[in-house]
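Undergrad: My questions will all concern the structure given below.
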Amino acid sequence: MPTALIWFRRDLRLADHPGLLAALDTAGSHGDVLPVFVLDDRLWGPSGLPRRRFLLDCLADLGRQTGGALVLRHGDPARVVPQLAAEVGAAGVHVTADAGPYGRRRDTAVERALGDVPLVRTGSPYAVAPGRVLKRDGSPFHVFSPFARAWRAHGWHAPAPRPDDVRWLTGVRSDDLPAAPGLDGVRLPSAGEEAAHDAWDRFRDERLAGYAEGRNTPGTDGTSRLSAYLKYGCLHPRTLLADLAGDESEAARRFTDELAWRDFYADVLWHRPGSAREYLKPELQAMGYDSGPDVEELVRAWETGRTGFPIVDAGMRQLLGEAYVHNRVRMIVASFLVKDLHQEWTRGARYFMQHLVDGDLASNNHGWQWVAGTGTDASPYYRVFNPVTQGKKFDPDGTYVKRWVPELRDLDARYVHEPWTAPAGVPAGYPDQIVDHAHERQVALDRYNRVR
């Protein structure tokens, strides 16, 4: 009887999984399906501890869903997958297509090594696969707004049905999962497909109506917190879009825009694979950056949430406490590193990828490029976020700051974003401002103007 191998990667679920359905077609009514995950050092090595822990928990959940049939193998996929296919006599190896630079190279190598056994790519981790949304002349989009309009016009498939019954192949040797890393108190979301659907249901039913406003206020529980589930494919964006079909509210449109941003950045990376680490606007690579022991102390203060700017410190402490940062605050803390401390965007992108549970190469690195002015926006080089005015605007009562910066919890809301103006001065234990924002803003603008 034919055996089909389903190689899970960023699709750790059984519902709405076109690749799994394709594997079932290969196996036929009497064949078996072997689920497998390859622990690849090229991906495992650079992952920070939160992503490692969340991935392991997702794999444990997937193992339970497959009745213990999930096979884990450790090593180079170009060696491991063909060996396993030969071991079980697989008639085909099925995957969800990978759009990332490394994933595309890896899959090409695996395909060659499989020989006569086909590597079948079905579906994508995105609502619309990267490379599908193009201008009328066939060229890719470089700015989000026109991409989003074309993306909506393109549309997306309906969710694929969850198979009622799968004949999982059991008894195949599996490596043990690595030991789960300790996180020293970092709080991660519950892992796995069921947890992802529960999180979506709660957001849709309880908070979506207020999303248009709530998405910008980090002191409220106004966002979906689905990013880690989307990163690992515990939930497909197509499922969310199907639930929102027919909802013409501003909240639904804003939320759909966020899914479009995710697809946009993946599309940019598809067309410009080097943009994960190279400047989309290479002329800005000549801009000077600060270095030296004193600067390293300033960067360390940023990393640990000790800059003296409350909204920045709250964001960086949230990163260390939850492996997550509210999206509005991500922009503020990124701007501070690049334009107040004059550090290259790549440094911040690497730090985030080490600490974020939802660290996604396309979204993270292109988000940093957007803030730095080196990326996909039309003219953002002059956009320098003022951490005080941003805090006052988006956390007016100081709820977010007081949650993450306990030194400021007793301050009146009037002073929480400018503790140096409080009648009694800066509370004990909280640092003074490490830089003069007005001065550093002008330094950043002068440097941008010189290289432009």
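Undergrad: Are any of the residues in region 345-352 touching a Pro at 6+ places or on another chain (Cβ under 6 Å) and of a type outside the set (Ser, Thr, Tyr)?
TA: no
Undergrad: Name the single residue, out of those in region 1-51 being in a loop (DSSP other than H, G, I, E, B) and of a type in the set (A, V, I, L, M, F, W, C), that is surrounded by the most Cβ atoms within 10 Å (Cβ to Cβ).
TA: 12
Undergrad: Which of the residues that make up region 106-145 are hydroxyl-bearing (Ser, Thr, Tyr) and touching a residue at least 40 places away in the same chain (Cβ under 8 Å)?
TA: 122, 126
Undergrad: Just checking, which of 243, 313, 290 is more than 15 Å from the chain's Cα centre (by Cα), farther than 29 Å from residue 206 by Cβ and surrounded by fewer than 21 Cβ atoms within 10 Å (Cβ to Cβ)?
TA: 290
Undergrad: Restricting the first residue to region 71-85 and requiring it to be over 18 Å from residue 176 (Cα atoms), which pairs with a second residue that is modelled with pLDDT of 95 or more and assigned to a strand (DSSP E or B) meet a Cβ separation below 8 Å and a spacing of at least six or different chains?
TA: Short answer, once both residue conditions are applied: 85/5; 85/93.
Undergrad: Restricting to region 329-352, name every residue that is over 23 Å from residue 401 (Cα atoms), open to solvent by 20 Å² or more (accessible area, probe 1.4 Å) and in contact (Cβ under 8 Å) with a residue 40 or more places away in the chain.
TA: The answer is 344, 346, 347.
Undergrad: While we're looking at this one, here's another question. Does region 56-69 hold any residues that are open to solvent by 20 Å² or more (accessible area, probe 1.4 Å), in contact (Cβ under 8 Å) with a residue 40 or more places away in the chain and of a type outside the set (Asp, Glu), and which are they?
TA: 60, 65, 67, 68
Undergrad: Considering only residues of region 18-38 that are touching a helix residue (DSSP H, G or I) at 6+ places or on another chain (Cβ under 9 Å) and not hydrophobic (A, V, I, L, M, F, W, C), which is modelled with the lowest pLDDT?
TA: Out of the qualifying residues, it is 31.
Undergrad: Also: Which members of region 374-418 meet the condition of being loosely packed, with under 14 Cβ neighbours inside 10 Å and either modelled with pLDDT under 95 or closer than 29 Å to residue 276 by Cβ (or both)?
TA: 378, 379, 382 - these are the residues of region 374-418 that are loosely packed, with under 14 Cβ neighbours inside 10 Å and either modelled with pLDDT under 95 or closer than 29 Å to residue 276 by Cβ (or both).
Undergrad: Now for a different question. Go through region 421-434 and report how many residues are open to solvent by less than 90 Å² (accessible area, probe 1.4 Å) and more than 34 Å from the chain's Cα centre (by Cα).
TA: 5
Undergrad: Which count do you get for residues in region 435-448 that are open to solvent by 50 Å² or more (accessible area, probe 1.4 Å) and in a loop (DSSP other than H, G, I, E, B)?
TA: So the count comes out to 1.
Undergrad: Moving on to the next point. Among the helices (runs of 4 or more DSSP H) lying completely within region 271-336, list those that include at least 1 residues that are aromatic (Phe, Trp, Tyr).
TA: In region 271-336, the matching helices (runs of 4 or more DSSP H) lie at 293-304.
Undergrad: Turning to a different aspect of this structure: Considering each of 281, 231 in turn, give the residue that is under 23 Å from residue 343 (Cα atoms), out of contact with any His (no Cβ under 6 Å at 6 or more places or on another chain), among the charged types (D, E, K, R) and touching a residue at least 60 places away in the same chain (Cβ under 8 Å).
TA: Criteria check complete, one pass: 281.
Undergrad: Further question: Taking the condition in contact (Cβ under 8 Å) with a residue 24 or more places away in the chain, closer than 30 Å to residue 317 by Cβ and open to solvent by 50 Å² or more (accessible area, probe 1.4 Å), does residue 220 pass?
TA: yes
Undergrad: If I ask for residues that are of a type in the set (A, V, I, L, M) and open to solvent by 10 Å² or more (accessible area, probe 1.4 Å), which ones from region 293-310 would you list?
TA: Answer for region 293-310, where residues must be of a type in the set (A, V, I, L, M) and open to solvent by 10 Å² or more (accessible area, probe 1.4 Å): 295, 298, 301.
Undergrad: A further question on this structure: How about region 351-365: which of its residues are assigned to a helix (DSSP H, G or I) and small (Gly, Ala, Ser)?
TA: Result: 362, 363.
Undergrad: Continuing with the same structure: Tell me, yes or no, whether region 190-210 has at least one residue that is outside any helix (DSSP H, G or I), of a type outside the set (A, V, I, L, M, F, W, C) and either open to solvent by 40 Å² or more (accessible area, probe 1.4 Å) or in contact with a helix residue (DSSP H, G or I) (Cβ under 8 Å, 6 or more places away or on another chain) (or both).
TA: Yes, the conditions are met somewhere in region 190-210.
Undergrad: Is at least one residue of region 137-146 under 24 Å from residue 359 (Cβ atoms), of a type in the set (Phe, Trp, Tyr) and out of contact with any strand residue (DSSP E or B) (no Cβ under 7 Å at 6 or more places or on another chain)?
TA: Taking every residue of region 137-146 in turn, at least one turns out to be under 24 Å from residue 359 (Cβ atoms), of a type in the set (Phe, Trp, Tyr) and out of contact with any strand residue (DSSP E or B) (no Cβ under 7 Å at 6 or more places or on another chain).
Undergrad: Let me ask you something else. If you check 73, 132, 112, which single one turns out to be over 19 Å from residue 5 (Cα atoms) and of a type outside the set (A, V, I, L, M)?
TA: Testing whether each residue is over 19 Å from residue 5 (Cα atoms) and of a type outside the set (A, V, I, L, M) leaves just 132.
The values are calculated or read from the model by the stated rules, or taken from the named source; none is laboratory data. Here the structure is a predicted model, which means the values were calculated and not measured. Every residue, glycine among them, receives a Cβ derived from its backbone with ideal geometry; neighbour counts consider all protein chains shown. Ligands, DNA and RNA are excluded from the accessible area calculation, which covers all protein heavy atoms including side chains. Shrake-Rupley method; radii C 1.70, N 1.55, O 1.52, S 1.80 Å.
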